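First up is the structure itself, then whatever we jot down about it.
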Amino acid sequence: MAAAAGGHAGAAAEARFISSAKGKGLFATKNIRKGETVFVERPVVSSQFLWNALYNYRACDHCLRALETAEENAQRLLGKSSLVLPHPEQCSIRKDLHQQCPRCQVTYCSAECRQAALEQYHQVLCLGPSRDDPTHPLNKLQEAWRNMHYPPETSSIMLMARMVATIKQAKDKEWWIKAFSQFCSKTANEEEEIVHKLLGDKFKGQLELLRLLFTEALYDEYLSRWFTPEGFRSLFALVGTNGQGIGTSSLSQWVHACDALDLPMLQREELDAFIDQLYKDIEKESGEFLNCEGSGLYVLQSCCNHSCIPNAETSFPENNFLLHLTALEDIEAGEEICISYLDCCQRERSRHSRNKILRENYLFTCSCPKCLAQADDADVTSDEEEEGEGETDDAELEDEMTDV
């Protein structure tokens, strides 16, 4: 069961309690070299973002593996169906393995994913012939969420739906409730701030509407507390606090494979120039939305605290929901492993600016070595940073969280 729920392979780290103020942290259990994979972790539950799916970013309904070939991916992002990619053999997508649910036709990358989804949550969530029926309670819930949470997306109501469905289907319901209870929880005031951040100024009315629709679609007596106003807010905040962004891309996988080709210098220069121009053209057409995107709950990764000088980073190099934590520096046994919740540009800003972003998005003030060393700096941003304040938004944070 562990592999299906928050499983991780070859972990060189463990979670430890630090303090009531800081909660848990992740610590190395052995010496880790720079570039080494600390662990590979499977989420307890995950889900693609709803707008992302609606805009035809086709991903496996279970593991979020991109389903388009690299060429199809590039054609859609570029709006150019005649585009032909060189080296098509470097595309890793196996369409012959794809399968659909026979009842609702959602697509999976493999028979293994279809079976895993069916065994964990899909029996409860399968819409059957009602997939396109706007009056079905689950479709009403998803439509309400899309009307409240526009791109750039940072969470999904379906992550919560899959949590409920997982417990409803489970033989050992207490095991799953305990698995979900491992994630960081917040005070009532902090929960309200998280909900406000996700839903905007009208969050109280919107949260209540979502709760009523969530109850209509999924109510379960065993989980009755999750459907009360307080319990639903806590569930919502748990997902908002602990959800890790996931990004997958068949085009990105193809580019990495092409980078590894051993080519004559002229061919290498031509291929690199083609790829550079392709990304420039795609950016003009599709902007920053290149990946299939979603979020998941990862037991070990959620224990990683933030540092403005991180010694590890997360990525999704397998083009699915398997999270790789990789060391950015040599890490000694017993040392805390930290990631950054900020992107590269944000980390170069002043302590005041960094902490403004962290307080707004994660409700804490950083006390990493870099912030402590800059503690005497003035609590003002430079003119240049002041101009950029408005650019600090969920999209930048999501970009950093969904590296592939």
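Considering (1) modelled with pLDDT under 80; (2) of a type in the set (Ser, Thr, Tyr); (3) in contact with a Gly (Cβ under 8 Å, 6 or more places away or on another chain), the lone condition that Thr392 does not fulfil carries the number (3). Of the residues making up segment 248-260, those that are in a helix (DSSP H, G or I) and either farther than 15 Å from Leu271 by Cα or open to solvent by 10 Å² or more (accessible area, probe 1.4 Å) (or both) are Ser250, Ser252, Gln253, Val255, His256, Ala257, Asp259. Against the test of being among the aliphatic types (A, V, I, L, M) and without any contact (Cβ under 8 Å) to a residue 40 or more places away in the chain, the options Leu97, Leu77, Leu64 yield a single qualifying residue, Leu97. Out of everything in segment 339-384 that is among the basic types (Lys, Arg) and at pLDDT 85 or above, what residue ends up being surrounded by the most Cβ atoms within 10 Å (Cβ to Cβ)? Once the filter is applied, the top-ranked residue is Arg354. Being of a type in the set (Lys, Arg), closer than 24 Å to His122 by Cβ and not in a helix (DSSP H, G or I): is that true of Lys178 here? No.
The set of residues in segment 291-320 being open to solvent by less than 50 Å² (accessible area, probe 1.4 Å) and either over 30 Å from Met163 (Cβ atoms) or assigned to a loop (DSSP other than H, G, I, E, B) (or both) consists of Asn291, Tyr298, Val299, Leu300, Cys304, Ser307, Cys308, Pro310, Asn311, Phe316, Asn319, Asn320.
Return yes or no: is Cys104 farther than 30 Å from Gly287 by Cα, assigned to a loop (DSSP other than H, G, I, E, B) and hydrophobic (A, V, I, L, M, F, W, C)?
When the stated conditions are applied, Cys104 passes them.
The numbered conditions (1) more than 30 Å from Arg76 (Cβ to Cβ); (2) modelled with pLDDT under 95 are all true for Leu266 except (2). Please find, among Pro102, Pro86, the residue that is open to solvent by 60 Å² or more (accessible area, probe 1.4 Å) and either under 21 Å from Asp132 (Cβ atoms) or in contact (Cβ under 8 Å) with a residue 24 or more places away in the chain (or both). Criteria check complete, one pass: Pro102. Here is a check on your reading of the model: is Met148 open to solvent by less than 50 Å² (accessible area, probe 1.4 Å), at pLDDT 90 or above and touching a strand residue (DSSP E or B) at 6+ places or on another chain (Cβ under 7 Å)? Taking the combined requirement at face value, the residue does not satisfy it. For segment 217-232, the set of residues classified as closer than 23 Å to Glu143 by Cβ, in contact (Cβ under 8 Å) with a residue 12 or more places away in the chain and surrounded by fewer than 17 Cβ atoms within 10 Å (Cβ to Cβ) consists of Asp220, Pro229, listed by residue number. Could you please find all residues in segment 33-50 being open to solvent by 20 Å² or more (accessible area, probe 1.4 Å) and within 14 Å of the chain's Cα centre (by Cα)? Arg42, Gln48, listed by residue number. Can you find a residue that is assigned to a loop (DSSP other than H, G, I, E, B) and on the phi > 0 side of the Ramachandran plot anywhere in segment 73-87? Scanning segment 73-87, I find at least one residue that is assigned to a loop (DSSP other than H, G, I, E, B) and on the phi > 0 side of the Ramachandran plot, so the answer is yes.
So in segment 178-203, with the set limited to residues that are surrounded by 14 or more Cβ atoms within 10 Å (Cβ to Cβ) and without any contact (Cβ under 8 Å) to a residue 12 or more places away in the chain, which one is farthest from the chain's Cα centre (by Cα)? Across segment 178-203, the extreme among qualifying residues is Phe203. If you go through segment 19-33 and pick out every residue that is basic (Lys, Arg), closer than 30 Å to Leu363 by Cα and not in a strand (DSSP E or B), you end up with 1.
For (1) assigned to a helix (DSSP H, G or I); (2) open to solvent by 10 Å² or more (accessible area, probe 1.4 Å); (3) at pLDDT below 90, each residue gets a yes or a no:
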| site | (1), (2), (3) |
| --- | --- |
| Gln206 | yes, yes, no |
| Thr215 | yes, yes, no |
| Ser234 | yes, yes, no |
| Thr241 | yes, yes, yes |
| Ile246 | no, no, no |
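The residues of segment 248-270 that are out of contact with any helix residue (DSSP H, G or I) (no Cβ under 8 Å at 6 or more places or on another chain) and closer than 30 Å to Leu358 by Cβ, listed by number, are Thr248, Ser252. For Glu119, the requirement of being open to solvent by 20 Å² or more (accessible area, probe 1.4 Å), part of a helix (DSSP H, G or I) and touching a residue at least 24 places away in the same chain (Cβ under 8 Å) is met. So, Ser92, is that one hydroxyl-bearing (Ser, Thr, Tyr), touching a residue at least 40 places away in the same chain (Cβ under 8 Å) and open to solvent by 50 Å² or more (accessible area, probe 1.4 Å) or not? For Ser92, the condition - hydroxyl-bearing (Ser, Thr, Tyr), touching a residue at least 40 places away in the same chain (Cβ under 8 Å) and open to solvent by 50 Å² or more (accessible area, probe 1.4 Å) - is met. One residue stands out among those in segment 60-73 that are surrounded by fewer than 23 Cβ atoms within 10 Å (Cβ to Cβ) and not charged (D, E, K, R): the one that is nearest to Leu50 (Cα to Cα), which is Leu67.
The values are calculated or read from the model by the stated rules, or taken from the named source; none is laboratory data. What you see is a predicted model, and the numbers here were worked out from it, not measured in a lab. We place every Cβ from the backbone using ideal geometry, glycine too, and count neighbours over all the protein chains shown. The accessibility values were calculated without ligands, DNA or RNA, using every heavy atom of the protein model including side chains. Shrake-Rupley method; radii C 1.70, N 1.55, O 1.52, S 1.80 Å.
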